[in-house]
């Protein structure tokens, strides 16, 4: 009887070992665990999005491999199965998910999204009491805690990560520690520091996370030690105008945070807080500093960045005796006035080249240098005289001096008509008058600038009477003298 019991026990043990071995073999990737009691055929469909139309892609399911140029790949599976699948990259496109296990007990569809490589990092604060392993919101002096963050890679590429944890109290550094790690896609890693606080207060945990190839961001968390956890609200700064991936930073209430994304967030209690947008090479924040008010709700602040632009604008006038003219005379001297105004938001320097030519002859060539602040202007003037009545060409070229060298920003060319010289008209007339009463010939010559008038007839008669009167007076005097001599 005992021999039968031992034999039965041995056979049972042998069957169990065989079953366990078979289960381990069949549960490995690429193997199918069929349900021998079912011959149902199920369809497993992989539905692709993200690839350019007509691109070939491949799926391996268990021991089967299928490829397609469409967005659908299907498999026919007989019986209940638990299968491993994998999807390789297609050129630079990465699938999500790229591998996994699927229980086939019915027909089903698995969505696969292909996308170019990208990194997406999510960071969460972690405060864990070491003795219990539980998450806490408030710390007590004398107890030891794991203080730090968990970093989750939501992108489709692996990344090397550097995390710096710095604890501050009233602006003083309590500790600072840097950790390194590898973050596979779809995984989460904790970066924490064992810390035993000695005194009560509201501490600040600053965490800077850098991940290859292009993630860099600073996070700030209040840490309450021995005091109540006051209600905090998000203060979010959103940038507009920077190229994608550009680093920028904000200082709020003395705490500076940096990011390469469009957002920077702080957590603050209700109150008034000052902020400063730090300078960025090549850009200027439209509002660089200000005050925000947090009143029992979150606050969003939009920061608009404008590219730094030095924009000299040039105007030209030609004048004669302070009056603007468009037509010139060849015997007059004119003034040319050039005004340059910086209508940009950034100071800069440049120079102006002013030339005037008639035919192949240069009658003016000058160069002027200038440095202008935003909205500042400067005038430059020169005099010139046209040589002849041929057309005159004036050119005013403005250059801006940049880090890459000189750049032409304005070129004004004017072609002006030149008239012959202005003349002062002079006329001369000669009039001859014969006076018959005195048998005397009188010639009168009149010269005037514009008009010559003939002698007046009344003037001629008056002259004749004057001569007659003089003759009579002379005769009377002679007669009187003769009479006086005879009496004597």
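Observations, loosely collected:
- When every Cα-Cα distance of region 312-419 is counted in 5 angstrom steps from zero, the calculated P(r) takes the values 2, 12, 23, 22, 16, 11, 8, 4, 2, 0 percent.
- Compared with the alpha-carbon gap, the fully stretched path from residue 300 to residue 105 is longer by 65.2 nm at 0.36 nm per residue.
- Each of 147, 415 has some number of other Cβ atoms within 10 Å of its Cβ, and from fewest to most they run 415, 147.
- Simple spin-label estimate for residue 82 and residue 385 gives 10.7 nm between the two label positions (7 Å along the Cα-to-Cβ direction from each Cα).
- Between region 109-126 and region 312-347, the alpha-carbon center distance in angstrom: 62 Å
- Per-selection metrics, region 72-176 (Cα): Rg and Dmax in Å: 22.0, 68
- Estimated D of region 55-115 in µm² per second, where Rh is the Kirkwood radius over Cα pairs and Stokes-Einstein applies at 4 °C, 1.567 mPa s: 106 µm²/s
- Computed across region 223-357, the Kirkwood radius stands at 19.5 Å (inverse of mean 1/r, all Cα pairs).
- If R0 is taken as 25 Å, the Cβ-Cβ distance between residue 132 and residue 179 corresponds to a FRET efficiency of 0.60.
- Packing-based exposure ordering (other Cβ within 10 Å, fewest first) of 362, 150: 362, 150
- For region 312-419, the share of DSSP beta bridges that are antiparallel, to the nearest 5, is 95%.
- Diffusion of region 159-281 by Stokes-Einstein, at 10 °C in a medium of 1.306 mPa s and with Rh set to the Kirkwood radius over alpha-carbon pairs, works out to 99 µm²/s.
- Note on residue 162 and residue 194: with the Förster distance fixed at 25 Å, the Cβ-Cβ geometry gives a FRET efficiency of about 0.80.
None of the figures in this text is laboratory data; all of them are computed from the coordinates on show. In this text the structure is predicted, and so the values were computed from the model without any measurement. Every residue, glycine among them, receives a Cβ derived from its backbone with ideal geometry; neighbour counts consider all protein chains shown.
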